Amino acid sequence: MRVLGAYVPSRDATLEKTERKKRWIEDFHTALDATKSSVPVLLLGDLNVLEPDHQPEHRRQFAPFEYDFYRALTDRHGLIDAFRHLHPDRIEHSRARRSDLGYRYDHAHSCAQLLPLLQGCDYVHQTRDVLADGSRLTDHSGLAVRLATTATTPLLTSDPATTAPCEPEPTLF
């Protein structure tokens, strides 16, 4: 399985940041197309875009190219929104300035091959809780994805500090 992490740049109304985001999206599509293989893919990240039917609607904040990017994950790359697959009607937000202004920016998209193994895809909102000192870890919720998988090959583990040169490639475990 390939697990891909992505942070799509945010933007404001300036031409510079809008063009930066458009270039990033174009480069992302090119890279994903170039590395396409039969290996199952799970894409995770802060995509800084909402699904087209997001509630509440934030239509004026997002441009058509941003919604096109979201749709292209499925239409072009065959990746399905894992949260929406398991929870077709649930309204949940991974970032909120106020309780009535939530955004689901953080996503997990899976190839169809992994969907039968998908056991859960849920937001962990405690990551945005305010701590005793007034700080918080982040303004985004975490996203937990659970897959029922079985290793097909054993993971070689070693201590990189003590591995001899003739041993298998060292790992950090």
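The HN-Hα couplings worked out from phi for the stretch 63-69 by the Karplus form 6.51 cos²θ - 1.76 cosθ + 1.60 (θ = phi - 60°) are 8, x, 5, 6, 5, 4, 4 Hz, whole numbers, x standing for Gly and Pro. Ranking of Thr150, Thr127 by neighbouring Cβ atoms within 10 Å, starting from the fewest: Thr150, Thr127.
Using only the Cα atoms of the stretch 2-147, build the gyration tensor, take square roots of its eigenvalues as a ≥ b ≥ c, and label the shape rounded, prolate or oblate: rounded if a/c is under 1.5, else prolate if a/b is larger than b/c, else oblate. Taking the square roots of the gyration eigenvalues as a ≥ b ≥ c, the stretch 2-147 is oblate. How much net charge surrounds Glu51 when only the other residues with a Cβ under 10 Å from the Cβ of Glu51 are counted, with Lys and Arg +1 and Asp and Glu -1? After counting each charged neighbour, the total is +1.
Summary of packing: across the peptides 46-52, 63-69, the per-residue average of other C-beta atoms within 10 Å ranks them, highest first, as 46-52, 63-69.
Relative contact order of the stretch 23-152: 25 percent, from C-alpha pairs under 8 Å at least 6 residues apart in sequence.
No lab work stands behind these numbers, since they all come straight from the coordinates. In this text, all values refer to a predicted model and were calculated from it rather than measured experimentally. When we count neighbours, we look across all protein chains shown, and the Cβ atoms used for this are built from the backbone with ideal geometry, even at glycine.
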